[in-house]
Amino acid sequence: MLDIEDIRGVLPHRYPFLLVDRILELVPGKKAIGLKNVTINEAFFEGHFPGHAVMPAVLLVEAMAQVGGVLLLSMTGNEGKLAYFGGIDNMRFRRPVVPGDSVITEVFVMKNSGRFGKVKAVASVDDQTVAEGEFLFALVERDNKPVVVGEAVGNDGSEAREHI
C-alpha cells in the first residue's frame, strides 16, 4: 500500500491535480489498485454543476491515469521518470461520480517497452463500473532543472525559493 506521501514521491502532481489518495495494492509490472475519495469540498463542484454536483469526466480520466502512472513508474527502469499521457482508447463512462463516492481504479499493464506503456483501467464505485478505457503513456526522463514551487521573503528582505 502507498499513502499520499509515497504517491507524491512517484508522481509530480500536486493539489489540486493530485487525484489519487491511496494505492491499495501494487504488483509492479502487473497491476495497481488506487482510491480517490470524492468530497463536496473539491473545487470543481463549484461550477460542475450547481445544484447537481457531478465529477467532470475528464478529471475521472486523469485520476485513472494517475493510478496507471504509479504502476508504470514503479517498474524497474522507470523509477524517477515522468509518464506523459499519449492517448486514450476505448474510453466509456457508465454512470456519474458524485460527492461521497469512493472511486476504486484497477489498472493492468498491457504493454511496456521502456519508452512507452499501455494500461487498461477500470474505475468503480460500490462494485459498479463507472468508467473504463486504455491509456497510452510516453515514459521520459525528468530534466534536472529545479522547479520553483514557492517563494518567500526573508526577514532581511532576501528571497528564498523552495525547489523540488
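Worth pointing out:
- Here is the list for region 52-106: trypsin sites (Lys or Arg not before Pro) lying in DSSP coil, each with at most 15 other C-beta atoms within 10 angstrom of its C-beta, are Arg94.
- Restricting region 1-76 to trypsin sites (Lys or Arg not before Pro) in coil, as DSSP defines it, with at most 13 other Cβ within 10 Å: Arg14, Lys30
- Within the chain, longest stretch free of exposed GluC sites (Glu not before Pro) [DSSP loop, at most 11 other beta carbons within 10 Å]: 1-78
- Take every Cα pair under 8 Å whose residues are at least 6 apart in sequence, average their separation, divide by the length of the chain, and the relative contact order is 20 percent.
- As a proxy for reagent exposure, Ser113, Ser102, Ser74 were ordered by neighbouring Cβ count within 10 angstrom, fewest first; the result is Ser113, Ser102, Ser74.
- Under 24 Å of direct C-alpha separation, and excluding same-chain neighbours fewer than eight residues apart, Lys120 reaches these lysines: Lys30, Lys31, Lys36, Lys81, Lys111.
- The simple spin-label model puts a point 7 Å past each Cα toward its Cβ; for Arg14 and His48 those points are separated by 2.2 nm.
- Cα-projected label distance for Ile88 with Arg115, points at 7 Å along beta-carbon direction, nm: 2.6 nm
- Kirkwood-type radius of region 11-118, with distances r between different C-alpha atoms, in Å: 14.7 Å
- Per-residue [θ]222 nm for the chain (sum of -39500 (n - 2.57) over DSSP H runs n ≥ 4, rounded to 500): -4500 deg cm²/dmol
Bear in mind that the values in this text are calculations on the coordinates, not laboratory data. Note that this is a predicted model, so its numbers are computed, not measured. Reconstructed Cβ throughout: ideal geometry from the backbone, glycine too, with neighbour counts over all protein chains shown.
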